[in-house]
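As structure tokens, the structure follows; a few thoughts come after it.
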Amino acid sequence: MKTLQRTLTIIKPDAVRKNAVGDIIEQFEKHGFRILSMKMLEISKHQAEQFYAVHASKSFFNSLTNFMSGGPIVVLALEKENAIADLRKLMGATNPANAEEGTIRKKWASTIEFNAIHGSDAEDTARFELGFFFAGFELAK
Ligand code: CMP
């Protein structure tokens, strides 16, 4: 069954550094995602730790949060039927070594950590992540 969903995506510092922002946003539009809101910003180490709190016990947590707070990111609120799964399909596997041809990570990610893009993985995390970056009034109606 198809349901209209919202999801949060982050174009990560490595992709911003590679001037991949325009290309990635074009992919969102080509694949039928409606952009509800979008902004470029830099987050602090503390904010990165809060955003990725579910990974706090992982060996890569310190490195991941340094990376995510180490340069500008672009965050977008996207809407589409089955947006969460469809975005993850368009992104490709977390490890770019396993990402399929035509995916964003295949094209732009370098390693499992510097992997160009983040997308919410479920409805509850999408709600948390959208609220983390956007106030309700910032989303297009
Ligand atoms: P993301 O989709 O943003 O969700 C968590 C992030 O942690 C993931 O993308 C990667 O950037 C990073 N990550 C996941 N697994 C590993 C790993 N084994 N080593 C380093 N970083 C990882």
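The values are calculated or read from the model by the stated rules, or taken from the named source; none is laboratory data. Not measured: the values here are computed from a predicted model. Because the Cβ atoms are built from the backbone with ideal geometry, glycine has one as well, and the counts that use them run over all protein chains shown. Note: areas computed on protein heavy atoms with side chains; ligands, DNA, RNA excluded. Shrake-Rupley method; radii C 1.70, N 1.55, O 1.52, S 1.80 Å.
Among the residues of the range 77-98, those identified as within 12 Å of the ligand (Cβ to nearest atom) and either open to solvent by less than 40 Å² (accessible area, probe 1.4 Å) or within 14 Å of the chain's Cα centre (by Cα) (or both) are 87, 88, 91, 92, 93, 94, 96. When residue 43 is tested against (1) in contact with a Ser or Thr (Cβ under 6 Å, 6 or more places away or on another chain); (2) assigned to a helix (DSSP H, G or I), exactly one condition is not met: (2). Taken over the range 1-20, the residue count meeting the criterion of being part of a loop (DSSP other than H, G, I, E, B) and either basic (Lys, Arg) or open to solvent by 10 Å² or more (accessible area, probe 1.4 Å) (or both) is 6.
For the range 88-99, which residues satisfy the criterion of being in contact with a helix residue (DSSP H, G or I) (Cβ under 8 Å, 6 or more places away or on another chain) and closer than 20 Å to residue 29 by Cβ? Answer for the range 88-99, where residues must be in contact with a helix residue (DSSP H, G or I) (Cβ under 8 Å, 6 or more places away or on another chain) and closer than 20 Å to residue 29 by Cβ: 90, 91, 92.
One residue stands out among those in the range 110-132 that are over 12 Å from residue 7 (Cβ atoms) and open to solvent by less than 20 Å² (accessible area, probe 1.4 Å): the one that is nearest to the ligand (Cβ to nearest atom), which is 115. Output the residues belonging to the range 48-70 that are more than 15 Å from the chain's Cα centre (by Cα) and either acidic (Asp, Glu) or away from the ligand (no atom under 12 Å from the Cβ) (or both). Matches in the range 48-70: 49, 50, 57, 70.
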